[in-house]
Amino acid sequence: MSQKEAFDQFLKSLDEAVKEAKRAIKLPLIPDQKTGRLLWISNRELRLRYAISVDSNKKFYEALLDGKLLATKCPTCGALYFPPQDYCNRCKKQGLQWVELSGEGELLSYTKVVVKPYSFSHLEDYIVGIAKLKEGINILAWVSEKDVSKLKRGMKVNVRVKEREEEGYLVYEIVPAQD
């Protein structure tokens, strides 16, 4: 069974559980499978899909295809932007320069996500973190390490580009550095 089929099957069983709960107790409440706490399941399905122009940042996406991470830098004041943008918030200059990031840094903070957004509810628990790169910018991303006990604030990390299998597209992630 594919991941999409499993998720669709999960949604169908969730719908059935909510219908049964509404018939039995007149409220759309069901117990969370993991914690046992009651969840309110809305009757309204919310689906969001964005279509955002990225033409001004096209080079960023092209670099991801090459496994590179780019930022933009203001040639006037030196401000660095990630995600990249074409406008300097400090000195109001447009037409920023592209710079490749080293990907080397340290882990500032992290958390294990156990209560997930609905669109990620079919995934195992995951860890997100903030890495401060040696260039001085912070990057928020998923962490490749699955065992939270192996992570420490201040540890050396790398940010790398990889294909996330669940979606089938390129993302960047935080990876503990090999000593």
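A few remarks follow.
- Every residue from the stretch 15-36 that is within 29 Å of the chain's Cα centre (by Cα), of a type in the set (G, A, S) and part of a helix (DSSP H, G or I): none
- Out of K112, K93, K132, one residue alone is charged (D, E, K, R), in contact with a Phe, Trp or Tyr (Cβ under 8 Å, 6 or more places away or on another chain) and modelled with pLDDT of 95 or more. It is K112.
- Candidate set: the stretch 49-71, residues that are without any contact (Cβ under 8 Å) to a residue 12 or more places away in the chain and hydrophobic (A, V, I, L, M, F, W, C); chosen: the one farthest from L11 (Cα to Cα): V54
- V159 vs. criteria among the hydrophobic types (A, V, I, L, M, F, W, C), closer than 30 Å to S42 by Cβ, in contact with a strand residue (DSSP E or B) (Cβ under 8 Å, 6 or more places away or on another chain) and outside any helix (DSSP H, G or I): no
- For R37: the one exception among (1) in contact with a Pro (Cβ under 8 Å, 6 or more places away or on another chain); (2) touching a residue at least 12 places away in the same chain (Cβ under 8 Å): (2)
- Scope the stretch 26-42; condition surrounded by fewer than 10 Cβ atoms within 10 Å (Cβ to Cβ) and over 23 Å from V114 (Cα atoms); matching residues: K26
- Lone qualifier among L64, L39, L46, L11 - being over 26 Å from L170 (Cβ atoms), assigned to a helix (DSSP H, G or I) and of a type outside the set (G, A, S): L11
- Only one entry in S42, S53 is modelled with pLDDT under 80, within 30 Å of E100 (Cα to Cα) and not aliphatic (A, V, I, L, M), namely S53.
- Flag for F120 being of a type in the set (F, W, Y), free of Cβ contacts under 8 Å to residues at least 12 places away in the same chain and not assigned by TED's automatic domain parsing to the domain that holds T35: yes
- Taken over the stretch 38-87, the criterion of being over 17 Å from N138 (Cα atoms) and among the β-branched types (V, I, T) is satisfied by I41, I52, V54, T76.
The values are calculated or read from the model by the stated rules, or taken from the named source; none is laboratory data. Please read all numbers here as calculations on a predicted model, not as lab measurements. All Cβ positions, even for glycine, are placed from backbone atoms using ideal geometry, and neighbour counts span all protein chains on display.
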